[in-house]
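No lab work stands behind these numbers, since they all come straight from the coordinates. Since we're looking at a predicted model, the values are computed, not measured. Here the Cβ positions follow ideal geometry from the backbone for every residue, glycine too, while neighbour counts run over all protein chains shown.
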Amino acid sequence: MRLGFLASHTGTNMQAVLDACREGRLRATACVMISNNREAEALERARRAGLAVHHLSAATHPDADRLDKAIRDALVAAGAEMVILAGYMKKLGPRTLARYRGRVLNIHPALLPRFGGQGMYGARVHEAVLAAGERETGVSIHVVDEEYDHGPILAQCRVPVLGGDTAASLATRVLAREHTFLVETLARVVSGDLRLP
Ligand code: GRF
């Protein structure tokens, strides 16, 4: 399975997958990484791992349709069969979604369908979970459609909310679980144990 990534910032989830591929824990090959942010640490991580890397954004392609085509073409040229949004802050365009319909996954740091959607990212997610008085939160991996955090849920796992948690402490606990859960879930997809909806 050849994997393409889109990420906007740090890229620790992508790194977890790259490490698992390198160490033979995941039978997949990471082939391309695209970021809308030329400063993203994720780009450097991908470069170090030998992936094709691209900065593609409204800065490089002011026309949205051309940007969509460029993203699709970069994924196709690298031979990506599945695409992982690993902290990607933009929506995919219709051309990319049509080419990879049902094969784009997003990871979200809460139990969707709650605590997701436009504007629900980073600390805001964990602040909302704490404000709602939840006793547990979790990680969701879902198939991407036209809406933020919206497509069919593929897999979820739970993470406890502990007394005294702050958004930062909760974020740290959830992110650590994201790293293992993303790799576990991709391994199940690759083995055929988990079918994409
Ligand atoms: C993760 O919390 C992920 O669930 C969300 O964005 C964050 C990305 O973190 N979509 P990183 O860049 O992988 O460290």
(message) Could you tell me how many cubic angstrom of Cα convex hull volume the stretch 67-116 has per residue?
(response) 84 Å³
(message) How long are the semi-axes of the equivalent ellipsoid of the stretch 62-169, defined as square roots of 5 times the Cα gyration tensor eigenvalues? Whole Å, largest first.
(response) 31, 14, 11
(request) Could you work out which residue, out of PRO152, PRO94, PRO62, moves most in a Gaussian network model of the chain, that is, has the largest mean-square fluctuation with Cα springs under 10 Å? (result) PRO62
(request) Note the angle between two axes, namely the Cα long axis of helix 167-191 and the longest principal axis of the Cα atoms of the chain, as a number of degrees from 0 to 90, rounded to the nearest 10. (result) 50 degrees
(request) Report relative contact order for the stretch 1-101 in percent, whole number only (criteria: Cα-Cα under 8 Å, sequence separation at least 6). (result) 37 percent
(request) Could you run the Debye sum over the Cα atoms of the stretch 21-64, one equal point scatterer each and no solvent, and tell me log10 of I(q)/I(0) at q = 0.15, 0.31 Å⁻¹, two decimals? (result) -0.44, -1.05
(message) P(r) for the chain, please, calculated from all Cα pair distances in 5 Å bins and given in %.
(response) 1, 8, 17, 21, 21, 16, 10, 5, 1, 0
(message) Let me check I have the definition right: for the stretch 1-101, take the eigenvalues of the Cα gyration tensor, multiply each by 5, take square roots. What are those semi-axes in whole Å, largest first?
(response) 21, 15, 10
(request) Please give, to one decimal in nm, the separation of the simple spin-label points placed at VAL190 and GLU146, each 7 Å out from Cα toward the Cβ. (result) 3.4 nm
(request) Just need the Rg to Rh number for the stretch 91-154, please, alpha carbons only, Kirkwood Rh. (result) 1.03
(request) Considering only ILE141, ILE34, ILE153, give the residue with the highest GNM mean-square fluctuation for the chain, with springs between Cα atoms whenever their separation is below 10 Å. (result) ILE153
(request) Between the alpha-carbon centers of the stretch 61-107 and the stretch 134-197, tell me the distance in whole angstrom. (result) 21 Å
(request) Work out from phi, with θ = phi - 60° and the Karplus expression 6.51 cos²θ - 1.76 cosθ + 1.60, the ³J(HN,Hα) of each residue of the stretch 62-67, listed in order in whole Hz, and give x for Gly and Pro. (result) x, 8, 4, 5, 5, 5
(request) Per DSSP H run of at least 4 residues, take -39500 (n - 2.57); add these up for the chain, divide by its residues and hand me the 222 nm value, nearest 500 deg cm²/dmol. (result) -11500 deg cm²/dmol
(message) If I model a spin label as a point 7 Å beyond the Cα along the Cα-Cβ vector, how far apart are those points for ARG135 and ARG95 in nm?
(response) 5.1 nm
(request) Name the most mobile residue of SER169, SER35, SER57, meaning the one with the largest mean-square fluctuation, in a Gaussian network model of the chain with Cα contacts below 10 Å. (result) SER169
(request) Calculate one ³J(HN,Hα) per residue across the stretch 81-86 by plugging θ = phi - 60° into the Karplus curve 6.51 cos²θ - 1.76 cosθ + 1.60, and present them in order as whole Hz with x for glycine and proline. (result) 9, 9, 10, 10, 8, 10
